[in-house]
């Protein structure tokens, strides 16, 4: 006679011990029901099963059988093959989405997760113990606070170099408001990012940014990063947009978690679409990825108000000026100004009086133009071929705003006027 092994759970073993006591009349049915948290009717039924079949009578009748919702063998093999060939580095959630969208296989995420673990296609990550940080409630309204940052990554894997993804996420809704690939996180890409943002959505009430991006300071194109913050603060102050500087990456955790999600999902999406250029990637972000991401992960804010403030016509006209690099330089004795080792001569005819030793604002715009500004007025200038010679200090210390364009003629009545002796 073949030995037959029965696998029992601890719960079933405990039940068997109690039921045996009722059969031996060491316990009453009512007492057993109280201990097992069952009804007396259920206890009597279990007694009958144990008397007829012994301990196996407590095992579920469907134990060892495939469930009614079990995946057929052919489908199981197909799922394993597809994941192994196309989604080997995908997590269960993303793999489940792609199986449904691209292969018309609709299965629960937990089912796909179990299959991937069984086949060795995925291992559950063990969470590290983190420093305690208190929870912060989301802002109330859309546009009240935007969290902004940049992330350097091999977004195109082996199909291209390392790029920086600039992204902003709305704190109230968790939606990506804008994302754009750039070579680095310097002044020009940052200002270009926010100019497009302002023109599309308007000005958010506040923006949450890093004090500085420590992880990108060694990037050869991002060594101006400390200057980026200064220029950004100045520009936002001119536009009346509040800027909050985070003391740690955890302080602006929403955008940090966004980049972790994008480093998992976006890299794989770009691979599936065979995208390898910044132009294609930015188009894919705007038209496809961001709308799908916001639909899946966005939440409803507590208030229906939109705190974005539309930029005025005057602000729109001034954006090239505001969103430019701005530096101070001193007017020399010969009314020349130096910037980036290039010398400029301020012309005699100006719309505002200027004095040597005054400080002018230089606007280095991203269209390649240079502008000099003094007390809100733009100055006329010309570029010099070389550094001018030094001028003695006895030269004129000031220039009139608008010098006379003509002098009175010799026979002008003013010149013929004479005082009377009376």
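Every read-out reported here was derived from the displayed coordinates using simple, explicitly stated rules and does not represent laboratory data. Bear in mind that the values here come from a model prediction, so they are computed numbers and not experimental data. All Cβ positions, even for glycine, are placed from backbone atoms using ideal geometry, and neighbour counts span all protein chains on display.
Which FRET efficiency, nearest 0.05, do residue 367 and residue 100 yield, Cβ-Cβ r, R0 41 Å?
Given R0 = 41 Å and the Cβ-Cβ separation, E is 0.30.
Remark: the residue 278-residue 51 segment gains 74.3 nm on full extension, using 0.36 nm per residue and subtracting the alpha carbon distance.
In this simple spin-label approximation, residue 288 and residue 35 carry label points 7 Å from Cα along the Cα→Cβ vector, and these lie 6.5 nm apart.
Order these by the 10 Å Cβ neighbour count, fewest first: 27, 76, 116.
Neighbour counts put them in this order, fewest first: 76, 27, 116.
Report the full-extension gain for the segment residue 387 to residue 296: residue separation times 0.36 nm, less the Cα-Cα distance, to one decimal in nm. That pair, residue 387 and residue 296, stretches by 26.7 nm at full extension.
Label-to-label distance for residue 23 and residue 42 is 2.0 nm, based on points extended 7 Å past Cα in the beta-carbon direction. Annotation: the residues 105, 207, sorted from fewest to most other C-beta atoms within 10 Å of their own C-beta, follow the order 105, 207. With both labels modelled 7 Å from their Cα along Cα-to-Cβ, the residue 263 to residue 327 distance reads 3.4 nm.
Listed peptides 93-99, 15-21, 352-358 appear in the order 93-99, 15-21, 352-358 once ranked by packing, highest mean of other Cβ atoms within 10 Å at the front. The stretch between residue 247 and residue 140, if pulled fully straight at 0.36 nm per residue, gains 36.3 nm over its current Cα-Cα span.
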